[in-house]
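Novice: Got a structure for you, questions after.
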Amino acid sequence: MDEAARERKGWIRRSAGRVFGFFFFLGRRAKKTRVFVLLGLLPILQATIIRTSEVGRRAPAGEGLAIFANFLMVFYLQFFLIILTLFYGTSVASEETEGRTLPFLLTRPLSKPGIVLGKYAAYSLLTLLIILPSLLVAFLILAGQRLGGQTAWMIFARSAAVLILGVLCYTAFFTFLGVLLKRSIFVGLIFGFGWESVISYFPGSTQRFSIVHYLKSLLPSAPGGRFSFLMFRLEPTKPALALLALVLITAFFLGLAGFLFRWKEYLSED
Amino acid sequence: MGDGVPVLQAEKLSKWYGNILGISDVSLEISGGIQGLLGPNGAGKSTFLKLASGQLKPSLGRLRIFGEEVFANPRLFARIGFCPEYDSFYAEMSGRQFIAFLAKLHGFSGAALQEKVAVSLQTVGLEERQESLIKTYSFGMRQRLRLAASILHEPELLMLDEPLRGVDPLWRIRIIKLIKDMARSGRTVIVSSHILPEIEAMTSDIILIHQGKIFAEGDIHYIRGLIDGHPHQIYIKCAAPRQLAEKMIGQEYVSGVVVDAAGGVTVSTSQRDRFYEALLHTIVERSLEVEEITSPDDNLQAVFDYLVGK
């Protein structure tokens, strides 16, 4: 690596570090964060209701973990993850242009890709701090009787790892969308709840054009229970390949977002 | 700059927003002192400052600061301060938190950061309200906070877009003094405004910008000369309008007098300073009670329209 490239990388890293702290602080105080924390209570509430209804009934062994797997698939993976990463990812650029605060960042000695990277890191961490505690509590409630065993914790660890990868990957994609488009939320909604949902039911290799395909490929094969049809048509990619694909998608869209942000002009709406 | 390189150099600089012209074929050099950028709203002042602060890239031509291209050149911003015109801030934070955040972006930390924050807030008189949320500040206070944000790193070049907008008279004087002090300490300041007296109070070096082009450039006296030829209208509302009108009719510097039913007199004059002098005399001499004195066309747009022969 030549001197200029090394210096540019150092510049991006320093800028990202400076930006990260502030937006993590600001993100924690944002109204949307409070709303998302409340939203994260929903599966906990539902899990509590389920467990309460089981009082006095002898539940079959493993039913709690099966319900947890369904929670993961239906609520966390296909709804909560998308919503969180969509709103935080697109806001990396859009909140600055809509709030007309971009000049405060652009007229400082900061690398533009560093700004994107710093905000991406701050919002990804924030998303993880919302989603993982919610997942953990839901797991503890549902898997209550089997917590002593290693299997239950392995399932949780795998689920958490998939969500972490999902957060990093989707946030990178939505960050790119926010940098590229003015009305990125709308396009993001279509992608998140249209494309990602529909394409994963297409047979053959078409479903490989979605992020959720690779996330599902990292999970154990179809769980039992009422919602098993959701994974019915999944033709999984091998875990190592799925992991590689997710890392590459994240790096690609994050790199592209940084590149675009560096060269794009943002005009305030006046 | 000591090495002969201009602080700011624009060469045939043009910027379009699609089909809309921002600025066209602007060439100028700025080397030290205070430079006033004067023009009516929509003239292209903000576009020029956005180009000079690297927020926009030129459609044509080039713009260099300290000899370097500005767009996508973040290193330059350790030496540049920019005060935007928009009244926008990050929500839910105090003035001190905001300035401290910006200081961190400049790489300050620890005691140096605390000092920069304290000095910049003190300079704009916000030290007592520094812990209050920005959303509780008045418009003028927010304007001063933006100014603090632009000077905290002691830039060599300071660009201020309408810095006196919404500021109370006392702070107006203080900010003007601050700008002059910065120039005296060897920094370069570019100030934009659409109000001539504001610019006049800070500098005698003015660039007149109109419809995206530099209309005139030079000393304030030259600009004043152009503007003084413009027949002004001055409206005076008083208890005895007819008495006042009577006094004004026939004066060589008055070209027209109209009295309206609401107790107002509209006087047309091409020698505004002489007229105001005479008006003051008349008010004192006849003990007239004056409710209001305004200039309906005393805005830069009217002056420019006159100058460009509309």
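The values are calculated or read from the model by the stated rules, or taken from the named source; none is laboratory data. All of these numbers come straight from a predicted model, not from anything done at the bench. In this analysis, Cβ positions are derived from the backbone assuming ideal geometry, glycine residues included, and neighbour counts consider all displayed protein chains. Calculation scope for accessible area: heavy atoms of the full protein, side chains included, ligands and nucleic acids excluded. Shrake-Rupley method; radii C 1.70, N 1.55, O 1.52, S 1.80 Å.
Novice: Place +1 on the Cβ of every Lys and Arg and -1 on the Cβ of every Asp and Glu in the protein assembly as shown, take the dipole about the Cα centre, and give the residue among B:126, A:138, B:218 whose Cα lies farthest towards its positive end.
Specialist: Of the options given, the answer is A:138.
Novice: Could you tell me the center-to-center distance, by alpha carbons, between the stretch A:175-189 and the stretch B:107-138 in angstrom?
Specialist: What the calculation gives is 35 Å, centre to centre.
Novice: Under the classification rounded if a/c is under 1.5, otherwise prolate if a/b is larger than b/c and oblate if not, where does the stretch B:21-69 fall, given a ≥ b ≥ c as square roots of the Cα gyration tensor eigenvalues?
Specialist: The shape class here is oblate.
Novice: Quick one: dipole size for chain B, taken about the Cα centre, charges +1 on Lys/Arg Cβ and -1 on Asp/Glu Cβ, in debye to the nearest 20.
Specialist: 840
Novice: Tell me the net charge near residue B:107. Cut-off is 10 Å between Cβ atoms, residue B:107 excluded, with +1 for each Lys or Arg and -1 for each Asp or Glu.
Specialist: Here the count lands on +4.
Novice: Starting from the Cα gyration tensor of the stretch A:76-217, take the square roots of the eigenvalues, sort them a ≥ b ≥ c, and report rounded, prolate or oblate (rounded when a/c is under 1.5, otherwise prolate if a/b is larger than b/c, else oblate).
Specialist: The shape class here is oblate.
Novice: Expressed as an acute angle from 0 to 90° and rounded to the nearest 10, what is the orientation of the C-alpha long axis of helix B:272-285 relative to the principal long axis of chain B?
Specialist: That helix lies at roughly 60 degrees to the long axis.
Novice: Checking the a/c ratio against 1.5 first, then a/b against b/c, what shape does the Cα gyration tensor give for the stretch B:60-114?
Specialist: Taking the square roots of the gyration eigenvalues as a ≥ b ≥ c, the stretch B:60-114 is oblate.
Novice: For the protein assembly as shown, what is the charge dipole size about the Cα centre, in debye to the nearest 20, if Lys and Arg each add +1 at the Cβ and Asp and Glu each add -1 at the Cβ?
Specialist: That gives a dipole near 3140 debye.
Novice: Tell me, what is the per residue accessible area of the stretch B:61-168 in Å², probe radius 1.4 Å?
Specialist: That works out to 35 Å² for each residue.
Novice: May I pose another question? Among A:65, B:189, B:257, pick out the residue whose Cα is farthest towards the positive end of the charge dipole of the protein assembly as shown, where Lys and Arg carry +1 and Asp and Glu carry -1 on C-beta, about the Cα centre.
Specialist: After comparing all options, I get A:65.
Novice: Carbon and sulfur atoms: what percent of the 1.4 Å accessible area of the protein assembly as shown do they account for?
Specialist: After summing per-atom areas, the C and S share lands at 59 percent.
Novice: Show me the ranking of peptides B:146-154, B:258-266, A:253-261 by mean Cβ neighbours inside 10 Å, starting with the highest.
Specialist: Most protected by this proxy first, the peptides run B:146-154, A:253-261, B:258-266.
Novice: Oh, and also: Helix hunt in chain A: which complete DSSP H runs extend at least 15 Å axially by C-alpha with mean Kyte-Doolittle at least 1.6?
Specialist: A:112-142, A:150-180, A:239-263
Novice: May I ask for the longest run of chain A untouched by trypsin sites (Lys or Arg not before Pro) that are loop-located per DSSP and have at most 15 neighbouring C-beta atoms (other than their own) within 10 Å?
Specialist: Here the longest run is A:59-181.
Novice: A further question on this structure: Between chains A and B, what is the buried accessible area in Å², counting both sides, with a 1.4 Å probe and ligands, DNA and RNA left out, to the nearest 100?
Specialist: It comes to approximately 3000 Å² buried between A and B.
Novice: Enter the angle in degrees (range 0 to 90, nearest 10) between the Cα long axis of helix B:169-184 and the first principal axis of the Cα atoms of chain B, meaning the one along which they spread out most.
Specialist: It is inclined by approximately 50 degrees.
Novice: Work out the count of Lys pairs in chain A where the Cα-Cα distance is under 22 Å, with the pair 8 or more places apart or on different chains.
Specialist: For chain A, qualifying lysine pairs total 13.
Novice: Still on this model: Under the rule of -39500 (n - 2.57) per DSSP H run of 4 or more residues, summed and divided by the residues of chain B, what mean residue ellipticity at 222 nm is obtained, to the nearest 500 deg cm²/dmol?
Specialist: Helix-only estimate at 222 nm: -10000 deg cm²/dmol.
Novice: Okay, next question. Below 20 Å, Cα to Cα, which aspartates and glutamates can residue B:135 reach? Residues fewer than 8 away in the same chain don't count.
Specialist: Qualifying aspartates and glutamates at Cα under 20 Å: A:95, A:96, A:98, B:85, B:87, B:92, B:127, B:168.
Novice: Okay, moving on. Sum -39500 (n - 2.57) across every DSSP H segment of at least 4 residues in chain A, then divide by the residue count to get the 222 nm mean residue ellipticity, nearest 500.
Specialist: It lands at -22500 deg cm²/dmol.
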